[in-house]
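What follows is calculated from the coordinates using simple rules that are stated; it is not laboratory data. This one's a predicted model, so the numbers in the text were calculated from it and none came from an experiment. Counting neighbours? That spans all protein chains shown, and the Cβs are built from the backbone with ideal geometry, glycine included.
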Amino acid sequence: MQILTADWVLPVTKSPIKNGAVVVDGSKIKAVGSVAVLKEKYPAAKLLAYEKAIILPGFIDAHTHLEYAVFRGLGDDLSYVDWRILLSKKETKLNAEDWFISAQLGVAEAIQSGITFAANISATEAGLKAIKQAGLRARAYYEVIGVNHKDVPELVRKTVAQVDKWQEEAANSLLSIGVAPHSVYTVCPPLIKAVGELARKNGWPVSIHVAGSKDEVDFIKYGSSKLATEFREVNKWGNVLWQPTGVTPVKYLLQWGLFANDLLAAHCLHVTENDLLTLKKYQVAVAHCPKCSAKLGMGIAPLREFLQHGLRVGLGTDSPASNNTMDMFDEMRVGLLLQRGLTQTTQNAEARQFVYLATYGGAQALGLEKQIGSLEAGKEADIIVVDVSHSHQQPLADPYSALVFTANQEDVRLTMVAGKILYQDGNFYSLSLAEILNRAQKVRQKLSLKLEQM
Ligand SMILES: [Zn+2]
């Protein structure tokens, strides 16, 4: 048994506890309360005491691609579509081992940043293997891409075989498996429909990128934008017919049946009031990735409308490839500032609310709020400790404010998943960071850009 103590404990679903403690028994939380009471009640528990620190549930990254970590910083000033084209050109240079090393880098960063759960979308097994090896909790969504109608039966067969294989590999781990048709511009309608039906039949959760950019809206509605031309040429889809549909990406997905699934939709930036009503009607959850969306010039998501419509919302980093870091403090801070700037008010964009989105909100979006996302007796012991002792953080007025307005990923002192310490004060217990960095550097050389491409 272990007892973690700090100046503040944020259960998230209840009020902050000054001089709080969390008791961990095996992989579960045994008790949450005041230091004085819990120390007396559990005198034999191993003490992990933190001063000028905050204990809170681990962050839930509701949308990422861990094996893209090695792409960090490539095409930083490109728009979304140009960046996506760059990725399509570069990603063929990596082999299975390279993807694994890249995923290990992503997993290391996640753990060091206090992310205890990652919703990871991937077409390769690299993420799943790196996650399992490091002891992170995650959902691995098998990514499906295909624009050619004649390939649908084969792709459906492959999806069934891959998900079965992944489920076998995930047995006795902290992983669960889902399926992710990549997006409306990379998956043809019959494939979206077939994958949705498969997922419903087998009870697989589904995730998809939706309405992430104006280019995507123009492609679906009018058959225009670079997604209809250069992007398809690069992917050798130039000879596959695409006809404009005249509807929004959300309406389009509705027509192809995907909303009948347990669905987590990433982005949802370009949505109409009707789209929002559709998302609510079908209880679609949203992975909100504010920093990635702003960086790639995709837009600002209507978070206030998501919440007003009662949608379940979690925060996602969308990987270092698009975002440069997997820093959930950054996501909270940037997300909050963008909403305040956009709406010209501080109402409904408070620090507490963003800590909620980064933890319990993510758990709700993934349908896992009974197991993770808050500090409560009986829940999984996925816990982090954040240092708030620095000159840029003191004096501390409010623990929620301190986390959102002053903290960064390097302020995480401890990351615990299922009662096991994966990271503490610079030390990793389930991976070798030096080895991963060294190997990742070699993989990165395969992706180097010529000056004229930058
Ligand atoms: Zn994504």
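Key figures
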| read-out | value |
| --- | --- |
| Charge dipole of segment 2-139 about the Cα centre (unit charges at C-beta), most positive-ward option of Tyr80, Asn120, Ile54 | Ile54 |
| Alpha-carbon Debye profile of the chain, log10 I(q)/I(0) at 0.12, 0.13 Å⁻¹ | -1.00, -1.17 |
| Pairs from Lys129/Lys281; Lys28/Lys90; Lys28/Lys129; Lys18/Lys370; Lys89/Lys221 whose Cα-Cα separation, in the structure shown, is over 32 Å | Lys129/Lys281; Lys28/Lys90 |
| Nitroxide proxy distance, nm - points 7 Å out along Cα→Cβ at Asn274 and Ser173 | 4.3 nm |
| Helix-only CD estimate at 222 nm, as mean residue ellipticity for the chain, using -39500 (n - 2.57) per DSSP H run (n ≥ 4) | -10500 deg cm²/dmol |
| Cα shape, segment 226-353, gyration tensor, a/c 1.5 rule | oblate |
| Charge dipole (the chain, unit charges on Cβ, about Cα centre) - positive-most of Val234, Ala285, Thr13 | Ala285 |
| Per-residue Cβ neighbour rank within 10 angstrom, fewest leading, Thr64, Thr346, Thr92, Thr124 | Thr92, Thr346, Thr124, Thr64 |
| Sorted by Cβ neighbour density within 10 Å, fewest at the top, the residues Glu67, Glu230, Glu380, Glu273 | Glu273, Glu230, Glu380, Glu67 |
| Dipole magnitude (debye, nearest 20) for segment 1-151, charges at Cβ of Lys, Arg, Asp, Glu | 640 debye |
| Packing-based order for 320-330, 252-262, using average beta carbon neighbours within 10 Å, highest first | 320-330, 252-262 |
| Point-charge dipole on Cβ atoms (K/R +1, D/E -1) for the chain, about Cα centre, debye to 20 | 580 debye |
| Proxy reagent accessibility, fewest Cβ within 10 Å first, across His63, His309 | His309, His63 |
| Phi to ³J(HN,Hα) by Karplus 6.51 cos²θ - 1.76 cosθ + 1.60 over segment 162-177, Hz, x for Gly, Pro | 5, 5, 4, 4, 4, 5, 5, 5, 7, 4, 6, 9, 8, 9, 10, 10 |
| Amide hydrogen neighbours beyond the local backbone of Gly146, cut-off 5 Å, H modeled | Val187, Cys188 |
| Hz values of 3J(HN,Hα) by residue in segment 286-296 - Karplus curve (6.51, -1.76, 1.60), Gly and Pro given as x | 10, 9, 8, 10, x, 6, 4, 4, 6, 4, 8 |
| Positive-end residue, segment 209-324 charge dipole about Cα centroid, Cβ charges, pick of Gly316, Leu269, Gln255 | Gly316 |
| Isolated Cys in the chain, by beta carbon distance under 4.7 Å | Cys188, Cys268 |
| Under 14 Å from Lys379, Cα to Cα: aspartates and glutamates that are on another chain or at least 8 residues apart | Asp25, Glu369 |
| Relative packing of 79-91, 34-46, 359-371, 144-156, which averages over residues the other C-beta atoms within 10 Å, highest first | 359-371, 79-91, 144-156, 34-46 |
| Dipole magnitude of segment 321-417 about its Cα centre (Cβ charges: Lys, Arg +1; Asp, Glu -1), debye to nearest 20 | 200 debye |
| Whichever aspartates and glutamates have a C-alpha closer than 20 Å to that of Lys93, once near sequence neighbours (fewer than 8 apart) are set aside | Glu67, Asp76, Asp82, Glu125, Glu143, Glu230, Glu233, Glu452 |
